[in-house]
Amino acid sequence: AQSVTQLDSQVPVFEEAPVELRCNYSSSVSVYLFWYVQYPNQGLQLLLKYLSGSTLVKGINGFEAEFNKSQTSFHLRKPSVHISDTAEYFCAVTLKAAGNKLTFGGGTRVLVKP
Amino acid sequence: GAVVSQHPSWVICKSGTSVKIECRSLDFQATTMFWYRQFPKQSLMLMATSNEGSKATYEQGVEKDKFLINHASLTLSTLTVTSAHPEDSSFYICSASSPGLTNEKLFFGSGTQLSVL
C-alpha cells in the first residue's frame, strides 16, 4: 500500500518570503501526485498535480512542485507568500489504477506572518 | 469547472439521533463518490467508496452499519451517521469523480462539520 509523509506539521513564514512544504511518498507502483489546500472550515481545492511528463509542475496561486522519482518526493514551493496563503496544505497520491482513491499526508499548516 | 455541493455545511445534533449529509455533483454524473473524515488538525481519512447503484466499499475499521452510504443516482450520494455519539463529531468531506472526467480530476465538496452533543 502507498503512504504519504509530510515532514513538517507547521511552517511559519513571513509575508513575501519563500516557502517549501516537503512531501515524500512510498509506493511500489506508479502514482499520480497532488497538492491540495484547505482553508478553515472548507473543503479541499486542488493546487496542482503530477501525472507524467515534466517533473516541474506549476499550479494555481503561484505554487509549483517538483517530482523527484529517485527521492520519491513531491515538494511544494512558492517564491513569495501572501497572508492569504495561510491554510492547511495536503499532499496526496493515488495509484494510477486506483480510480481516484486518494491517500493523504498528515498536512502542513502554513502560517504567514506580516 | 465541475462542482460538488455538500449539505449541510454544519450540523449540531443530540447524542443518539441520526444525521444525513448530502453530496451532489451539479454539472456532471458522478459514478463514484468518496467519503472522508477529518478530525481537528489531522488529515483526511477515507471512510468509504460508493459506486452508483451498488453497495459502498468501506475502509477497514469503518462501521458500515453506523455510517450508511447511499448512492442511488448519478448525482447524489448520502452519508447517514446513525445513532450519533460525541466521538462521531468530525468534519466530513465528500468527493466525486466520473469516467467522463480525466482520471486525475476529483472534485471535493465544501465539507460538513458535525457536532454531537
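Quick notes
- No other residue among B:THR32, B:THR17 is modelled with pLDDT of 90 or more and either within 13 Å of chain A (Cβ to nearest Cβ) or over 13 Å from the mean Cα position of the chain (by Cα) (or both) apart from B:THR17.
Residue-wise test of (1) over 10 Å from the mean Cα position of the chain (by Cα); (2) not in a strand (DSSP E or B).
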{"residue": "B:LYS55", "(1), (2)": "yes, yes"}
{"residue": "B:GLY61", "(1), (2)": "yes, yes"}
{"residue": "B:ILE69", "(1), (2)": "no, no"}
{"residue": "B:ALA72", "(1), (2)": "yes, no"}
{"residue": "B:LEU79", "(1), (2)": "no, no"}
{"residue": "B:GLU87", "(1), (2)": "yes, yes"}
{"residue": "B:CYS94", "(1), (2)": "no, no"}
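- Selection status of A:LEU47, among the aliphatic types (A, V, I, L, M) and within 12 Å of the chain's Cα centre (by Cα): yes
- Only a single item in (1) within 14 Å of chain A (Cβ to nearest Cβ); (2) free of Cβ contacts under 8 Å to residues at least 12 places away in the same chain; (3) not acidic (Asp, Glu) is not met by B:SER97, and it is number (2).
- Flag not set for B:GLU87, criterion: more than 23 Å from A:GLY107 (Cα to Cα) and loosely packed, with under 14 Cβ neighbours inside 10 Å.
- Count of the stretch B:14-41 residues which are small (Gly, Ala, Ser) and in a strand (DSSP E or B): 1
- Hey, A:PRO12 more than 20 Å from B:MET33 (Cα to Cα), over 14 Å from the mean Cα position of the chain (by Cα) and within 14 Å of chain B (Cβ to nearest Cβ) or not: no
- Among the candidates A:LYS78, A:LYS113, A:LYS69, the residue that is crowded, with 20+ Cβ neighbours inside 10 Å and of a type in the set (Lys, Arg) is uniquely A:LYS78.
The values are calculated or read from the model by the stated rules, or taken from the named source; none is laboratory data. The shown structure was predicted, so the numbers you read here are calculated from the model rather than taken from an experiment. Virtual Cβ from ideal backbone geometry, glycine too; neighbours counted across all protein chains shown.
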